[in-house]
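The values are calculated or read from the model by the stated rules, or taken from the named source; none is laboratory data. Only a predicted model underlies this, so the values are computations on that prediction, with no experimental measurement involved. Cβ placement follows ideal geometry from the backbone for every residue including glycine, while neighbour counts extend to all protein chains displayed.
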Amino acid sequence: MDAVLQGLGMLFAPQNFLTIVVCSLYGLFVGSIPGLSATLAASLLVPFTFFMEPLAALCSIVSMSAMAIFAGDIPAALIRIPGTPSSAAYTQDSFALTKQGKAQMVLGTDIIFSAIGGLMGAIVLMTSAPLLAEVAMKFSTFEYFWLAALGLSATVMVSAGSQAKGAIAMCLGLFLSTIGVDITLGCPRFTFGNVDLLNGISFIPAMIGVFGISEVMRNVSDRQMDFAIAKVKTKGIFTGVGKLIKKYQWNMWRSGIIGTIIGVLPGAGADIAAWIAYAASKRASKEKELYGKGSIEAIVDSGTANNACLAGDWVPALVFGIPGDSITAVVIGVLFMKGLRPGPMIFEQQPEILYGVYFAFILANLLMVPFGWLAVKTSSQMLRVPKKILIPIIMMFAITGAFAINNDVFDIITLGVLGIIGYFMERNDYPVAPIVLGLVLGPILEQNFMMSMIKTDWNLTLFFVRPISAILGGATVLMWGFPFFMAFLENTKKKK
Amino acid sequence: MWSKDYIGGVFFIVLGVLIWVGTSQLPVLPGGHPGPSLFPRVLGTLFIFFSLIVILEGWRKSKMPPPTPIETAEELREGNVIIIAEKNHFNSVLVIILIAAFIAAAKYLGFIITGGAVLFILMWKLQVKPIKAFIISALVICFIYSVFAKILRVPLPQGFLWW
C-alpha cells in the first residue's frame, strides 16, 4: 500500500505531471501526421529521457504512445491516410463515414473507445504484472533463454509480408548485438581493430537510425502531398457515444481482451491487435456488409484493441525484460539507461516506480478525452504543417539526440549506418522492427544460452527438464514448425 | 520486385559466409567447446537458410503474372489527397551526405554553423524558399542548441568560433 501511495504521489509531482502533459501533446502531434509513427516519436524522445528522473522518463513514453496511437485515427478519418500503422485496419470505414457526414461521430467514438481500451489494458497490467513477477522469480537461465527465443520467434511470425525476410531482419539485429567483446572469453568480435566498436553498437542511436533516419530518408524521397481537409466541428462530438457504449459493450470487452493478450505476446504491437480485433468483429457482427463501407462497429472494436494493447506490451517488458513491441524495446533501453534492470527484482526493489507507471497509464487515458477533443479541433492546422520543413527538423533532432547519449561522434556514425540499413531493408520489403528487437534480445539470448551450456557441461537436453523451461521450449519449437505445417496444409488442400 | 529478392538473398548468403570466415580465428573454450564463435556461426547459418527461402519465394513470384504497373508520375486521387507517386531518390542520398558532412565538419565549424547549414541545405533541396529556409534553420538550430547545450548541458561540438 505504501508503494501505491508513493507511486501516486510521485506521479502528481509537478515535474512528472508536466512531463505527461507535454509528452501527451507531442504524441498527439506526431500521431496525427501521416508518415510519422509512434515508434519514431519514442526514438526521438529517448535522448530527452536521459536527463529525466526514472519515473518521468517512463511516464513520458507512456503518455506519448497512448496519445499517438489514438491520434493516428484523425487523419484516417479526415483524409483516408492513417497517422500510425495501428489505425490502418479501420481507415476505410472511418473515411467512408466521414463522407456520409458523420466525421464528428467517428472522431468522438475514436476518442472514447481508445480511452476505454487504454484503461482496460492498464488494469490488466496492474493486476497481472505483479503476479507474473512472482512466477519469474523462479526463472533460471534456461527459462530466460527460451523466453527470449519465444519473443524473437513471435516477432518473426507476426511480421508483415515474408516471414523469411522477418527472420533475416531478426538475425541481423542479433548479429549486430554480437559486435564488441564477447561474454565468455572477453575477446573482440567483428570490431576490425576499431576501439569504438569494442563497446558494441549503442542501442539508442541504432534505434533512432533504424526508425528515425530511415523514415526521414523515405519521406524526403516522396513528392509533396496536398491535402484538402474538411474542417470538423467539435460541438457535439461526443453526442451519441453513450448509446454506442451501451450497444457495443460486448464488442468493447472482447476487443479490450484481444488487445491486451496481443500486447502481452512479445513482438506483437497495436497494429496487429487492431487487425485481429477487426477480423473478430466482422466475423461476429450482424452487419457484415457494412465492413469496409462505413461500420462504426469496426471502429469501436479496432480502436479499443489498439489502445488496450499498449499497456499489455509493458507486461513482458517489465516482468521479463522482453519487449512486447518496438516501443517497449525503447522502454527497455530507457530502463537500462536509468540503472533499472527489468525483471522480477524491480517489483521488489522499486515497486513505487511501477505503480507510478500504472497510474500514468490511467492518467494518460483519462487525459485522452480533453486532449483528443483539442486535437480534433486543431486537426486541420496540424495536417497542414509542411513536411518539407518538418522532416529536416526531425533529422536534426535525431542527430543531436544520438550524440547526446554518450557525447560521442561515433554514435552519429551508428545513426547514419543503421539509417541506411533500415531504409534499404524497408525498400526491399524487409521489416525493421525485428532488427531492434534482435539488438535488445541478442545479449539476453546468448548470455543465458552460454551460461546454461557451461553450467550443464554442454548437455542440451537440460533445456527441457525444468517444467516452465519445457513449456516455453515446446512453445518455441512449435512456433518454428508452424509455417512449415501451414505450407503442408496448403499443399494438401491444393491437391484435393 | 523479384530481382530484389534475388539480390537480397545473395547479399545475406554472402554475409552468412563472411560471418563463418570472420569467426574462424576466434578462440575456443577449455575442453574444446565453441565459445565466442558459436552464436555468430548459428546466425550465419540462419542467414544462409532464410536467404535461400527468400530466393525461392522470389523465383515463385517470378512465375506469377506481374501486377498492373502504376505510371511513375501518375496522380492518384484518394479521398481528398493528391499523391504524386514519383520518387526522388537523390534526396535520400542527400540525407546521408549531410549526416557525413556534419560528422566531418562539426568539430571544426561548431554545432550551430554545421547544423544550421545541414538544415538549410535539406530544406532548400525540398523546395522551401531560400529566405524562409534560412530563417527557419537559424531559429530551429538556436532552439536545439538552447535545449541541448544550455538546459541539458550536452557538450555539443564548438568549433573555432566556440559556437
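Data overview
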{"quantity": "Residues (within 15 Å of residue A:294 (Cβ to Cβ) and buried (at least 24 other Cβ atoms within 10 Å of the Cβ)) located in segment A:74-94", "calculated": "A:76, A:77, A:78, A:89, A:90, A:93, A:94"}
{"quantity": "Given (1) within 14 Å of chain B (Cβ to nearest Cβ); (2) not in a loop (DSSP other than H, G, I, E, B), number of the condition residue A:127 does not satisfy", "calculated": "(1)"}
{"quantity": "Failed criterion for residue A:427 (all others in (1) at the interface with chain B (Cβ under 9 Å from one of its Cβ atoms); (2) more than 22 Å from the chain's Cα centre (by Cα); (3) within 30 Å of residue B:128 (Cβ to Cβ) hold)", "calculated": "(2)"}
{"quantity": "Looking only at segment A:458-485, and only at residues there that are not in a helix (DSSP H, G or I) and not β-branched (Val, Ile, Thr), the one that is surrounded by the most Cβ atoms within 10 Å (Cβ to Cβ)", "calculated": "A:466"}
{"quantity": "Segment B:117-161 - residue that is without any contact (Cβ under 8 Å) to a residue 24 or more places away in the chain and among the basic types (Lys, Arg) and, of those, surrounded by the most Cβ atoms within 10 Å (Cβ to Cβ)", "calculated": "B:132"}
{"quantity": "Test set (1) within 12 Å of another protein chain (Cβ to nearest Cβ); (2) among the hydrophobic types (A, V, I, L, M, F, W, C); (3) buried (at least 24 other Cβ atoms within 10 Å of the Cβ) - residue A:376 fails condition number", "calculated": "(1)"}
{"quantity": "Some residue of segment A:8-26 being under 22 Å from the mean Cα position of the chain (by Cα), within 25 Å of residue A:257 (Cβ to Cβ), surrounded by 23 or more Cβ atoms within 10 Å (Cβ to Cβ) and not β-branched (Val, Ile, Thr)", "calculated": "no"}
{"quantity": "Test: residue in segment A:444-457 that is within 11 Å of chain B (Cβ to nearest Cβ), under 30 Å from residue A:266 (Cα atoms), surrounded by 24 or more Cβ atoms within 10 Å (Cβ to Cβ) and modelled with pLDDT of 90 or more", "calculated": "yes"}
{"quantity": "Whichever residue in segment A:105-149 is surrounded by 21 or more Cβ atoms within 10 Å (Cβ to Cβ) and among the charged types (D, E, K, R) and, among such residues, is modelled with the highest pLDDT", "calculated": "A:110"}
{"quantity": "Qualifying residue in segment A:297-313 (condition: without any contact (Cβ under 8 Å) to a residue 40 or more places away in the chain and within 26 Å of the chain's Cα centre (by Cα))", "calculated": "no"}
{"quantity": "Matching residues, segment A:281-290, being farther than 17 Å from residue A:113 by Cα and in contact with an Asp or Glu (Cβ under 7 Å, 6 or more places away or on another chain)", "calculated": "A:285, A:287"}
{"quantity": "Matching residues in segment A:291-302 - criterion: being closer than 12 Å to residue A:87 by Cα and either of a type in the set (Ser, Thr, Tyr) or in contact with an Asp or Glu (Cβ under 7 Å, 6 or more places away or on another chain) (or both)", "calculated": "A:298, A:299, A:302"}
{"quantity": "Test: residue in segment A:204-211 that is at pLDDT 85 or above, in contact with an Asp or Glu (Cβ under 8 Å, 6 or more places away or on another chain) and of a type in the set (Gly, Ala, Ser)", "calculated": "no"}
{"quantity": "Residue, modelled with the lowest pLDDT, within segment A:403-413, restricted to residues that are more than 7 Å from chain B (Cβ to nearest Cβ) and surrounded by fewer than 23 Cβ atoms within 10 Å (Cβ to Cβ)", "calculated": "A:405"}
{"quantity": "Residue match in segment B:113-122 (condition: more than 9 Å from every other protein chain (Cβ to nearest Cβ), within 30 Å of residue A:165 (Cα to Cα) and at pLDDT 90 or above)", "calculated": "no"}
{"quantity": "Residues (charged (D, E, K, R) and without any contact (Cβ under 8 Å) to a residue 12 or more places away in the chain) located in segment A:244-258", "calculated": "A:246, A:247"}
{"quantity": "Among residues of segment A:91-124, those that are under 19 Å from the mean Cα position of the chain (by Cα) and outside any helix (DSSP H, G or I), counted", "calculated": "0"}
{"quantity": "Hits in segment A:179-205 - residues which are among the polar types (S, T, N, Q) and within 13 Å of chain B (Cβ to nearest Cβ)", "calculated": "A:184, A:191"}
{"quantity": "Segment B:95-109 residues that are more than 10 Å from every other protein chain (Cβ to nearest Cβ), paired with ones that are outside any helix (DSSP H, G or I) (beta carbon under 6 Å, 6 or more apart)", "calculated": "B:108/B:159; B:109/B:159"}
{"quantity": "Count - residues of segment A:340-389 that are on the phi > 0 side of the Ramachandran plot and of a type in the set (Val, Ile, Thr)", "calculated": "0"}
{"quantity": "Residue A:479 being facing chain B (nearest Cβ under 10 Å) and touching a residue at least 24 places away in the same chain (Cβ under 8 Å)", "calculated": "no"}
{"quantity": "Extreme residue, farthest from the other protein chains (Cβ to nearest Cβ), among residues of segment A:43-83 that are under 22 Å from residue A:206 (Cβ atoms) and hydroxyl-bearing (Ser, Thr, Tyr)", "calculated": "A:65"}
{"quantity": "Test: residue in segment B:33-50 that is more than 10 Å from chain A (Cβ to nearest Cβ), in a loop (DSSP other than H, G, I, E, B) and at pLDDT below 85", "calculated": "no"}
{"quantity": "Every residue from segment A:185-204 that is touching a Pro at 6+ places or on another chain (Cβ under 9 Å) and surrounded by 23 or more Cβ atoms within 10 Å (Cβ to Cβ)", "calculated": "A:204"}
{"quantity": "Residue within segment A:395-402 that is within 12 Å of chain B (Cβ to nearest Cβ) and without any contact (Cβ under 8 Å) to a residue 60 or more places away in the chain present", "calculated": "yes"}
{"quantity": "Lone qualifier among A:34, A:82, A:47 - being farther than 20 Å from residue A:389 by Cβ and part of a loop (DSSP other than H, G, I, E, B)", "calculated": "A:82"}
{"quantity": "Segment B:139-159: number of residues that are more than 9 Å from chain A (Cβ to nearest Cβ) and on the phi > 0 side of the Ramachandran plot", "calculated": "1"}
{"quantity": "Answer from A:392, A:342 - the residue that is over 22 Å from residue A:72 (Cβ atoms) and within 14 Å of chain B (Cβ to nearest Cβ)", "calculated": "A:392"}
{"quantity": "Residues located in segment A:87-105, provided they are in contact with a Leu (Cβ under 9 Å, 6 or more places away or on another chain) and under 19 Å from residue A:259 (Cβ atoms)", "calculated": "A:93, A:94"}
{"quantity": "Residue selected from segment B:1-30 under the condition more than 8 Å from chain A (Cβ to nearest Cβ) and within 19 Å of residue A:447 (Cα to Cα), by the criterion surrounded by the fewest Cβ atoms within 10 Å (Cβ to Cβ)", "calculated": "B:30"}
